[in-house]
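J.: Questions regarding the structure given below will be posed in turn.
The values are calculated or read from the model by the stated rules, or taken from the named source; none is laboratory data. This one's a predicted model, so the numbers in the text were calculated from it and none came from an experiment. Heads up, the Cβs are rebuilt from the backbone with ideal geometry, glycines too, and the neighbour counts pull from every protein chain shown.
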Amino acid sequence: MKRVTSLLLLLPCIGHAQAPSAPQLGKDPIPAIVKAMTLEEKVKFVAGNSMHFPGMRNNNNNGPVVGQTADKVPGAAGTTYAIPRLGIPSMVLSDGPAGVRIDPVRKDMPGKTFYATAWPVATLLASSWDTVLVQRVGAAFGNEAKEYGVDIMLAPALNIQRNPLGGRNFEYYSEDPLIAGSITAAMVRGIQSNGVGTSIKHFAANNQETDRNTVNTIVSERALREIYLKGFEIAVKRAQPWTVMSSYNLINGTYTSQEYDLLQTILRDEWGFKGFVMTDWFGGKDPVAQMNARNNLLMPGTGDQSKKIMEAVQSGALPEKVLDANIAGILRVMLQSPAFKGYKYSDHPDLRRHAAISREAAAEGMVLLKNDDRSLPIAAAAKNVALFGINGYDLIAGGTGSGDVNKAYKVSLAQGLGNAGYRVDPELQHAYTSYLADYAAKHPKKGFMQEFMNPTPPAPEYAIDNDLLTKKAAADDIAVFSLGRNAGEGRDRKLPDDYYLSDTEKVVIAAVANAFHARHKKVVVVLNIGGVIDVMPWRDQVDAILLAWQPGLEGGNAIADVLSGKVDPSGRLATTFPARYEDVPSAKNFPGKEFPDRATTGMFGMKSIPAEVTYEEGIYVGYRYYTTFNVKPAYEFGYGLSYTSFKYSNLKLSAATFKGKLTATVTVTNSGRVPGKEVVELYVSAPSGSLDKPAEELRAFGKTRLLGPGQSQTLAFVLTAGDLASFDTPSTSWIAGAGEYTVKVGASSADIRQTATFTVPADVVVEKDHKVLVPQVQIDELKH
Ligand code: BGC
């Protein structure tokens, strides 16, 4: 009896040992987790849970989307597939570059809101040239993501601003890869310091919206490496983003998400990327090719993709070990995620604190383009502001599409000026706000998809009555005209009434200028824009121009901070304002050509037209072109004024002969009357040996602390051989050629204040890379 009892007692344990519980993520090694997955689980795991579109059934025409789960964070762009039996949670992925993009209200939680901070757009942040500031923004941004239950931010975006008409330029940082890469690295570090991830996007050469899902970017190996990949390389090496998002376009004939040499050879083998790659939403064509290319995750994911991957594994077209490696890559990142750690998010980020950081960052990235006769800051006695332009009463906080943010409010310039103690002319305010209200009533916003496909056009500028204008010129102290522009994903900007001012805008600016100048009063233009516009025809008519970009939800307050002189403008252009659109080096190759005879039916039944664009300007993008070919822009790269002035002195190099590394030091002194910060830009002119070289390239930059009048700061910049090198196509290597180099330190690409030279005694081969992504056709590339 005794023996029977003990046997019975043992039974449950024996049963347990015979059917061991499944391995658990975090407790068991990743290979064991992957091994324990069924093939069905595997193919579902590499595709996300799809997404809901308001007013639309699921996107998948082939039956139900995989692993549809209840929304944890409604409005987030996507989620990954959970496998609870293996301890694998679902991660939440959310847009976007300007803030956490989620639904602000939830049906099941009446009375509760989920608004997010609209940060200043990327172009503004880059114009601060301040990586410390951007990292602080990133830290607050990442905290907000974490407190709203997000695991990975689909941000930052860092494609090169190749052409002013690029519809998503506001989401991107610069025309220069060093700025783009450095600012990205700072943002990634900031966001990821919270233990949430980033997805740097869109990898790569995704520089237009026209035909974005079909366009084949034809680009030389050198331009690709030096201009379009360089920023990503800097960001990966400096900040290890958790993920990278492949782009929609093709590069030299292959979709980026299907290009092994981009995602494995370059990204992982050459740069050492440790995270995983996801597609852009519905990007690419062939899920099996994407798996083989090491694009780990297909977003937002469809049942059809999983089915095709399953068939390919079964037929042997896709080795299961490749699928396993893709899964392991996602799981490795997942181990760090808040979802895996079971983080109890509050849904209560400190929005007030974040708004204050957003305001501060916004003011730091604004660029003072013109300031004749010290028209700004607004004179202390000038309290009555005549605010013109519809945009002054309706701020454009940020762009549209996935780069938009559901914010609780936005501060208009009129409100910002009011908050700063100015009296905004009430009669003007009434005229403009009535006009805007009337327009909005007549043009109600459509549904999400209709707005995406065919957005309601913004109100045209209000043609202000001349008598009212004359009256205001007599009554008010100063005129401010605010000009707005908006754009976003899905389409590029156009020249008429967008890059160029509309006729009404030109007429109103001229009329305001005439009326106020007749009374010896100043006229200031505020540009609330996300991308470059034409300034030449009107800039001489006004006294001052403040480029406020799209400054986020506190925009009006931040603009007022700069206009009033509370903050000294220390932003500098990270993108050139050309004198004429035709001067833009990519003008004749933007947005490329379409092949309508080869059109097919694509996503959502939309026409899909094959297209291609050839980057004939090669490496001569932005200032690299203007400085080398002596084309004078309206406002050059690196340019921006301040309310004070700075002197540069004592540029010293640590050696006259380069031996692997060199330090340049320079002293900057505030020689003006008010405290300010100076952006210090270090360009290098390299000897042109066998390699065609731009006249100068930005190789380092820094920003001083706030310097009081008379105060100085010495900045040090380290240059390595890599900083001097160019990509030599025949040898697929980075070479710093022998010869004499000039270090040029200054306040813009054209305003060089100090120079010094050093010699590289013999060619230095910095790195040998793989011969990959070779163009399939001859490119008639611009050479100097
Ligand atoms: C955009 C991405 C975005 C994704 C998810 C795509 O249309 O190109 O930048 O992250 O949607 O919303």
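J.: Please go through segment 154-189 and give me each residue that is in contact with a Leu (Cβ under 8 Å, 6 or more places away or on another chain), within 16 Å of the ligand (Cβ to nearest atom) and not in a helix (DSSP H, G or I), ordered by number.
T.: Matches in segment 154-189: 154, 172, 173.
J.: Name, by its number, the condition in (1) touching a strand residue (DSSP E or B) at 6+ places or on another chain (Cβ under 6 Å); (2) in a helix (DSSP H, G or I) that does not hold for residue 295.
T.: (2)
J.: Assess whether residue 213 counts as being touching a Phe, Trp or Tyr at 6+ places or on another chain (Cβ under 7 Å), in contact (Cβ under 8 Å) with a residue 12 or more places away in the chain and polar (S, T, N, Q).
T.: For residue 213, the condition - touching a Phe, Trp or Tyr at 6+ places or on another chain (Cβ under 7 Å), in contact (Cβ under 8 Å) with a residue 12 or more places away in the chain and polar (S, T, N, Q) - is met.
J.: For segment 536-545, enumerate the residues that are surrounded by fewer than 22 Cβ atoms within 10 Å (Cβ to Cβ) and either under 19 Å from residue 471 (Cβ atoms) or within 30 Å of the chain's Cα centre (by Cα) (or both).
T.: Listed by number, the residues that qualify are 536, 537, 538, 539.
J.: Here's something else I'd like to know. Are any of the residues in segment 122-142 in contact (Cβ under 8 Å) with a residue 12 or more places away in the chain, within 16 Å of the ligand (Cβ to nearest atom), out of contact with any His (no Cβ under 9 Å at 6 or more places or on another chain) and not in a strand (DSSP E or B)? Can you show your working first?
T.: Here is the first cut: in segment 122-142, the residues in contact (Cβ under 8 Å) with a residue 12 or more places away in the chain are 122-142.
Cutting the leftovers down to within 16 Å of the ligand (Cβ to nearest atom) gives us 122-123, 141.
Now drop any that are not out of contact with any His (no Cβ under 9 Å at 6 or more places or on another chain), which leaves 122-123.
Imposing the further condition that a residue be not in a strand (DSSP E or B) reduces the set to 122-123.
Yes, because at least one residue in segment 122-142 is in contact (Cβ under 8 Å) with a residue 12 or more places away in the chain, within 16 Å of the ligand (Cβ to nearest atom), out of contact with any His (no Cβ under 9 Å at 6 or more places or on another chain) and not in a strand (DSSP E or B).
J.: Inspect segment 263-272 for any residue being away from the ligand (no atom under 14 Å from the Cβ), touching a His at 6+ places or on another chain (Cβ under 8 Å) and among the hydroxyl-bearing types (Ser, Thr, Tyr) and give the result as yes or no.
T.: So far as segment 263-272 goes, yes, one or more of its residues are away from the ligand (no atom under 14 Å from the Cβ), touching a His at 6+ places or on another chain (Cβ under 8 Å) and among the hydroxyl-bearing types (Ser, Thr, Tyr).
J.: Here's something else I'd like to know. Determine whether residue 421 is assigned to a loop (DSSP other than H, G, I, E, B) and under 30 Å from residue 518 (Cβ atoms).
T.: In short, yes.
J.: Looking only at segment 697-742, how many residues end up being among the hydroxyl-bearing types (Ser, Thr, Tyr), touching a Lys or Arg at 6+ places or on another chain (Cβ under 8 Å) and part of a strand (DSSP E or B)?
T.: Going through segment 697-742 one residue at a time, the tally reaches 3.
J.: May I pose another question? Out of 283, 253, 303, I need the residue that is in contact with a strand residue (DSSP E or B) (Cβ under 9 Å, 6 or more places away or on another chain), within 16 Å of the ligand (Cβ to nearest atom) and either touching a residue at least 24 places away in the same chain (Cβ under 8 Å) or basic (Lys, Arg) (or both). Which one?
T.: Criteria check complete, one pass: 283.
J.: Check whether at least one residue in segment 474-494 is surrounded by fewer than 21 Cβ atoms within 10 Å (Cβ to Cβ) and polar (S, T, N, Q), and report yes or no.
T.: Among the residues of segment 474-494, not one is surrounded by fewer than 21 Cβ atoms within 10 Å (Cβ to Cβ) and polar (S, T, N, Q), which makes the answer no.
J.: Let me ask something additional. Take segment 94-105 and flag every residue that is outside any strand (DSSP E or B) and touching a strand residue (DSSP E or B) at 6+ places or on another chain (Cβ under 9 Å).
T.: 95, 96, 97, 100, 101, 102, 104 - these are the residues of segment 94-105 that are outside any strand (DSSP E or B) and touching a strand residue (DSSP E or B) at 6+ places or on another chain (Cβ under 9 Å).
J.: I've got another one for you. Run residue 615 past the list (1) surrounded by fewer than 21 Cβ atoms within 10 Å (Cβ to Cβ); (2) at pLDDT 95 or above; (3) over 30 Å from residue 358 (Cβ atoms) and report the number of the one that doesn't hold.
T.: (1)
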